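First the structure, in the form of structure tokens, and then the observations on it.
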Amino acid sequence: AVVGALFWGLRAAAGGAWEKEKKEEKEEKQRSRELLVRVLRLYKPDAVLLLGAFSFLLLSVLCGMFIPFYTGKVIDSLRTGQHEQEFLSAILFISLYSLGSSLGAGCRGGLFLCVIASFTRRVKLRLFGSLANQEIGFFEAVKTGQLTTCLSDDTTLMSRTVALNINVLLRTLILTLGMVVLMLSLSWRLTLMVLLEAPITGVIQQLYQSRHQRLSEELRDSVARANAAANEAVSGAWLVRSFHAERGEARRYGDLLMDTHRLKTSRDTVRALYLLARRFSGVSLQVAVLLCSRQVVQRGHMTTGSLLTFLIYQGEMGDNIRTLISIVGNLLTSVGAAKKVFEYLDRKPQCTMGTLAPDQLSGHVTFDHVTFSYPCQPEKQVLQDFSLDLRPGKVTALVGPSGGGKTTCASLLQTLYQPQRGQILLDGQTLCSYQHHYLHKKVTVVSQEPEILSGSIRDNIAYGLPDCSLDDIQEAARKANAHNFISQLKKGYDTEVGERGGQLSKSEKQRVAIARALVRHPRVLILDEVTSSLDTDSEIKVQQALSSGPAPTLLVIAHSLRTVQNADHIVVIGQGRVQEQGSHQQLMAARGSYYNLWEKHQSSSVAAAGHH
Ligand code: ADP
Ligand code: MG
């Protein structure tokens, strides 16, 4: 009794874990099935092409199936030696069916490739659209390499494998059914033996599938990691060079490659073992059938020709059963790549924009008790209960130490991130209630690090405004004091600036970026430490240009104080809070942190002057 109880206890414990594992596996399968259905739905626009492909498939399979049948007839007619007519007609049929079969196979293959190409393009485009809509925090959390791998490899893999697998599945399914009927008509005994292969292959497949899938998934992740590392090192090549980090980067990449290599080897070993087992079971059955065939023929159940037909079918049947069993598994694995694609495809961006697009916008901006931390560093509050008012048409200066949260304010104004508490209002409405396109035309930022894309200067200035005339572009460039240097270039506005604007100096890039902001005629303009990289001449010109015409609400973020004393309002930010605010005179009189900054500035410029 004790032993019995112990046994039961053990069984229950083991059974619990086992059942749990089984349940997880089941859920996984269910999810794969759902994914597969979603992938199949995406094929809808190609329905006509697919139908064509399937018709040719049917043609090629049916034609192919009759060839062994007539081969048997040829043998029988040779043996009896009298029926020349029969012999010739069998040969004729074989030729006709071969022709039909190859024609069908060719057309089927071509159509399938067309379907795959159009499907891949569609999925890539959709995925790109979804990625482009994600909030910036998403891109900070996910490695660029992962996204590009998903976009380039996973989409291709997903469409190719699913389409090819379905193609093969249908072909083998029709073939198998047809052959079973033909084989049964030849000899039911031998047919039953041949069909024994199905359960055996099934067991082998079961053992193999899950291992292979797990290893494949790990391998894919590992490749993505290696790609991301290489990407980072290549795009930061100058950094790697100037800080002599080549060796460290190479080692990091090498380690990741080694990881990939190890996973690949295990996956291939598993596959090799599987192929071996499959082959062995197939060959054993073939031998068994050959042994039995002697009796069947001697007893007159079959002619020699029919036996030959049967043996040819058997050879193909073995392949078919193996394919059929593996393909069901493969179909579920092939959606592994689809998993990532759909994950990104389904992701809802955190902030969705509204529909407001008023004709008149005064440009009144309010930061209303905003508390914010970056998504990748949620515990560090960059802005704390931060309130700020930018009055329409006025110049507000934001000063403070580096790391104080000035650029963060600019990013929030562009809705690149969402504050955790409080809100940012534009003319009394939250930023998110405006139309995306509208908001980014009315509120523009010239950022601290001017982002210039490859392409011409003209493209860069008119970025995001497809129907912007050259006149507008030139006018904006004049205001930004960029027209002079651009017209001195050989190709003027059509000059290519190289990747990330590498062929321009920082000041030139900055002025192109200013022109890009001005060409939109914004109502709210944020200049993030722009003046520090401009010479005094440019700075004066830009300021003159800004004060002519209907002045936008201007937020000048400045590290150096020289530029801010004329501002209508000055706000000192430090540690994510407003430390002080007022006019230059008020703040100087208050002798607070602004006064201290100013003192420091004064003494450092005196020291610098003395130095020269
Ligand atoms: P400032 O422009 O005043 O020099 P920032 O607004 O750029 O300061 O930065 C404020 C703080 O936020 C800094 O401590 C900085 O480390 C942090 N920070 C800036 N950008 C990010 C980011 N993308 N993710 C996480 N932390 C950031
Ligand atoms: Mg900054």
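Taking every DSSP bridge with both residues inside the stretch 365-611, close to 50 percent are antiparallel. Both the radius of gyration and Dmax for the stretch 348-438 are 13.5, 40 Å, in that order, over alpha-carbon atoms. If you look at the Cα atoms of the stretch 365-611, you get an Rg and a Dmax of 18.4, 54 Å.
Can you give the local net charge around Tyr493? Use residues other than it whose beta-carbon is closer than 14 angstrom to its beta-carbon, Lys and Arg +1, Asp and Glu -1. Its environment carries a net charge of -1.
Step through the table entries Lys406/Lys479; Lys22/Lys348; Lys23/Lys124; Lys143/Lys406, compare each Cα-Cα distance with 28 Å, and write down the pairs that go over it. Pairs exceeding 28 Å: Lys22/Lys348; Lys23/Lys124.
For the chain, the longest principal axis of the Cα atoms and the long axis of helix 2-42 meet at an angle of about 70 degrees.
On average over all directions, what projected area in square nanometres does the stretch 453-600 have, based on the convex hull of its Cα atoms? Orientation-averaged projected area of the Cα hull: 10.0 nm². Net charge of the neighbourhood of Gly400, taken over other residues with C-beta under 12 Å away and scored Lys/Arg +1, Asp/Glu -1, is 0. Over all distinct Cα-Cα pairs of the stretch 157-220, the Kirkwood formula returns a hydrodynamic radius of 14.3 Å.
For the stretch 250-320, report the % of Cα-Cα distances exceeding 19 Å. That fraction is 57 percent. Spatial offset of the stretch 468-541 relative to the stretch 246-275 amounts to 48 Å, using the alpha carbon center of each.
Highest mean packing first, where packing is the average number of other Cβ atoms within 10 Å per residue, the peptides 97-108, 491-502 line up as 97-108, 491-502. A dipole drawn for the chain from +1 and -1 charges on Cβ atoms has a positive end, and of Ser89, Leu35, Leu49 the residue lying farthest that way is Ser89. Using only Cα coordinates, the Kirkwood hydrodynamic radius of the stretch 293-401 works out to 22.8 Å.
Here the Karplus relation 6.51 cos²θ - 1.76 cosθ + 1.60, evaluated at θ = phi - 60°, turns the backbone of the stretch 335-341 into coupling constants of 7, x, 5, 5, 3, 4, 4 Hz, with x for every Gly and Pro. Using only Cα coordinates, the Kirkwood hydrodynamic radius of the stretch 220-363 works out to 22.2 Å. Residues in the stretch 351-358 carry Karplus couplings, in order, of 10, 10, 8, x, 10, 4, 8, x Hz; the curve used is 6.51 cos²θ - 1.76 cosθ + 1.60 with θ = phi - 60°, and Gly or Pro positions show x.
Per residue and in cubic angstrom, what volume does the convex hull of the Cα atoms of the chain have?
Enclosed volume per residue, from the Cα hull, is 269 Å³.
Fully extending the segment from Trp238 to Leu92, taken as 0.36 nm per residue of separation minus the present Cα-Cα distance, adds 45.4 nm. Measuring how big the stretch 37-346 is from its alpha-carbon positions, Rg and Dmax come out at 25.8, 90 Å.
All other residues with a Cβ under 13 Å from the Cβ of Leu273 taken together, and with Lys, Arg as +1 and Asp, Glu as -1, what is their net charge?
+4
Computed as a quarter of the hull surface, the mean projected area of the alpha carbon convex hull for the stretch 107-188 stands at 7.8 nm². Decide, for the stretch 105-261, between rounded, prolate and oblate: order the square roots of the alpha carbon gyration tensor eigenvalues as a ≥ b ≥ c, take rounded if a/c falls under 1.5, and otherwise choose prolate if a/b is larger than b/c, else oblate. Cα axes put the stretch 105-261 in the prolate bin.
No lab work stands behind these numbers, since they all come straight from the coordinates. No experiment lies behind these values; they were computed from the predicted model shown. Every residue, glycine as well, gets a Cβ built from its backbone with ideal geometry; the counts of neighbours run over all protein chains shown.
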